[in-house]
1. Taking Cα centroids, how far is region 261-285 from region 353-372 in Å?
2. With the crude spin-label approximation of a point 7 Å out along Cα→Cβ, what separation in nm comes out for residue 30 versus residue 186?
3. If you project the alpha carbons of region 254-351 onto the principal axes, what extent comes out on each, in Å, largest first?
4. Can you compute the modelled spin-label distance between residue 97 and residue 280, with each label point 7 Å from Cα toward Cβ, in nm?
5. For all pairs of alpha-carbon atoms in region 52-371, what percent lies in each bin of width 20 Å, listed from the first bin to the last filled one?
Amino acid sequence: MAASLALCPGPEIDTLPPAPTLSPQAWPLCLQWLVLIVLAGCAGQLLKHFHLPAGQFVGPMLVGIAMGASGVSLRIHRQAFRLGQGCVGLLVAHSISWAVMATVAQSWPVMLAATLLTVLLSTVVALAMVRFGGITSSTAAWGTSPGAASAMVAMAEDNGADPRVVATMQYVRVVCVVVVGAFVSRLLGVDGGAGNSQGTAMLLGTPQLTTLLLNLVVLVAGVSLGNWLPAGALLVPMLLGGTLQLAGLLPVELPGWLLALAYGTIGCYIGLRFDRPTLAYVWRRLPAMVAGSLLLITLCALLAWGLAHLMHKDFLSMYLATSPGGLDSMAIIAVDTHSDIGLVLAMQTIRLFGVILTGAFIARQVVRLTRR
């Protein structure tokens, strides 16, 4: 009987589908995008609710870092990132006036000296990271360069440095600068956009349809013209919009929802670059990178304190102006905290070009000094 039962074929059992996994990288691509958009939007609004400066930028950036480290394959298209930078450029252009231009014209020698000091401080930090952080000299020089992150990565690869470590060092510092900058703003009692009735992004109001369309034309044209210029997607729309506004031809006005979208796009673009392979590659060097970034931020803050007394400016504006972060990141925080946007923009722009022009020379000097 047992033998006959063993020989009789039983009912066919369907193969069970594999158990669903909770790992975000296994989710469908549409679900990954949905989670990113929802979490980034919620995080931005939450930080804005708690009056965190640039909360609509910091929140999506932190969400992007978490999702990038979890292994998702999402990437924000570079053109979307550039359009976001263009929106920030127009937002800055809204703050440009003849009074601001006069202030910049009067203070340019001090700004140039501050730029040179910042580059010198970054060189000192690079030497310290070679000595104590176990990072090669050329890579440390490009990685600690204070600004123009994407340009520094491209130039580093052309000059034989490891672009992965350079990129990580640059964006680790961007994260540190943004978080510390928001913390300093909060510590000094400066609220973010949520402290206002409509938020900083809504200060530009709701423009008329014709004005909005003309501003969008300036945005697209500026981003297109800035393709071959470092940070050109931010600088060219800013220059075009500022020039048109100073000439009285076009008021620079953008709706709040567009600025929030631009903030979120920039934040997610930066955050998603921290993928798992990159983090694994630099894990052992990460403490040295963070320490080097914080050291450079501290040295620049001390420089800002001295310059604030010398130029009779508020410390927060001078801190943002000398902070070794990206031009777009500092512009967002400066606008959101009602700082001296003309000062911040001018010093950050001068340093941007200074870093690009001196990058190769500084790298060679760091290599030469460490070999000795």
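1. 26
2. A separation of 3.7 nm, rounded to one decimal place.
3. Taking max minus min along each principal axis of the Cα atoms, region 254-351 gives 46, 38, 20 Å.
4. 5.5
5. In order of increasing distance, the bins hold 34, 59, 7, 0 percent.
A short reminder: the numbers here are calculations on the coordinates, not readings from a lab. Keep in mind that what you see is a predicted model, and the values were worked out from it rather than measured. As a convention, Cβ positions derive from the backbone with ideal geometry for all residues, glycine included, and neighbour counts pool all protein chains shown.
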